[in-house]
Amino acid sequence: MVYHVHICNMGKNVNPSVAVTRSNLPIDKVYLLGSKDIRSRVGEQHYIELKEAEKKAMQILKNSGVEEVIVKEVESWDFESTIDAILDIASLERRLRDDVTFHINFTSGTHIMSGAACCAAFYIGADLYYVMNKGDHGNLTAEEELKMFTIPSLPDVSKIKGFTKETLLVIERNRRLSNKELRAITDLSPSKQGYHTGLLNSMGLITSERIGIEVVWSITYSGNIASRILMRSATQ
């Protein structure tokens, strides 16, 4: 069974931190990224309000049935501090279990925390979500309130070369190609073509579908990103 861990940037507004409890996203544990002592930067009252928001969010989450809620403090204006905290969380949780999935809420906190959270999502293979402000967007349902973003998982694109690269770019340009159509373009033997499509498939850059006796290849989201990187590097 998959264990779902949510990592949430904290600010003074509690709602973005607890909105996930109104959605259908599964939740097993929540880490709230709170601020270390920043009174010298924001003042005593602002700091007190931040800490009160952390306590309130923790209580609401627990009352909603989340068994484990942990506050992990970070330096709010330090990019690396937020990334390090998220990497530490991921490392700890992966030592505890093999089936953990991460979700990062980057709505609140400083802009620096949000940017760092998005970078960290790429490193740990998390998905991202943002909580829309109902006051700005009218009557949103609980599901519409959360905007989900998938972070593409990419291999080392610089290692995709030769006919493997050509195969990827051909599929990207045509969107969908059968093995027969692909070989007609690349002029490769079935065994060589199978090697390159198999390699790209194992990287998650293309996906296959069997239609009758034919295998049809399609580009994935990650494959689109990798193709753009390869084409851009070729023109530089």
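Computed over segment 23-97, the convex hull of the alpha-carbon atoms projects to a mean area of 5.9 nm². Going by accessible surface with a 1.4 Å probe and the largest first, Cys118, Cys8 read Cys118, Cys8.
The amide H of Val74, built 1.01 Å from its N in the peptide plane, has Gly34, Ser35, Lys36 as neighbours under 5 Å, considering only residues 5 or more places off or on other chains. Ligands, DNA and RNA excluded, the heavy atoms of Ser208 present near 60 Å² of accessible surface to a 1.4 Å solvent probe.
Of Met132, Met113, Met231, the residue with the largest accessible area leads and the full order is Met231, Met132, Met113 (1.4 Å probe). Charged side chains reduced to their Cβ positions (Lys and Arg at +1, Asp and Glu at -1) give segment 1-153 a dipole of some 260 debye around its Cα centre.
With N counted as the residues of segment 27-158, its alpha-carbon radius of gyration over 2.2 N^0.38 Å works out to 1.12.
Heavy-atom accessible surface of Tyr130, to the nearest 10 Å², is about 90 Å², with a 1.4 Å probe and all protein chains retained. Across all directions, the average projected area of the convex hull around the alpha carbons of the chain is 17.2 nm². Above 19 angstrom, tally the Cα pairs of segment 144-223 and express them as a % of all pairs, no decimals. When all Cα pairs of segment 144-223 are counted, 35 percent exceed 19 Å.
Per-atom-type breakdown for the chain gives carbon and sulfur 50% of the accessible area (1.4 Å probe, protein chains only). Entry note: segment 91-172 has Rg to Rh equal to 1.12, where both radii use alpha-carbon atoms and Rh is the Kirkwood radius.
Applied to segment 155-160, the Karplus parametrisation 6.51 cos²θ - 1.76 cosθ + 1.60 on θ = phi - 60° returns per-residue 3J(HN,Hα) values of x, 6, 4, 5, 8, 8 Hz, with x for Gly and Pro. Heavy-atom accessible area with a 1.4 Å probe sorts His6, His111, largest first, into His111, His6.
Rounded to whole numbers, the Karplus 3J(HN,Hα) couplings from phi for segment 100-105 are 8, 10, 10, 10, 10, 9 Hz, using 6.51 cos²θ - 1.76 cosθ + 1.60 with θ = phi - 60°, and x at Gly and Pro.
The values are calculated or read from the model by the stated rules, or taken from the named source; none is laboratory data. It should be emphasised that the depicted structure is a prediction, and the values quoted were computed from it without experimental measurement. Using ideal geometry, Cβ is built from the backbone for each residue, glycine included, and neighbour counts are taken over all protein chains shown. Please note that ligands, DNA and RNA were not included when accessible areas were found on the heavy atoms of the full protein model with its side chains. Shrake-Rupley method; radii C 1.70, N 1.55, O 1.52, S 1.80 Å.
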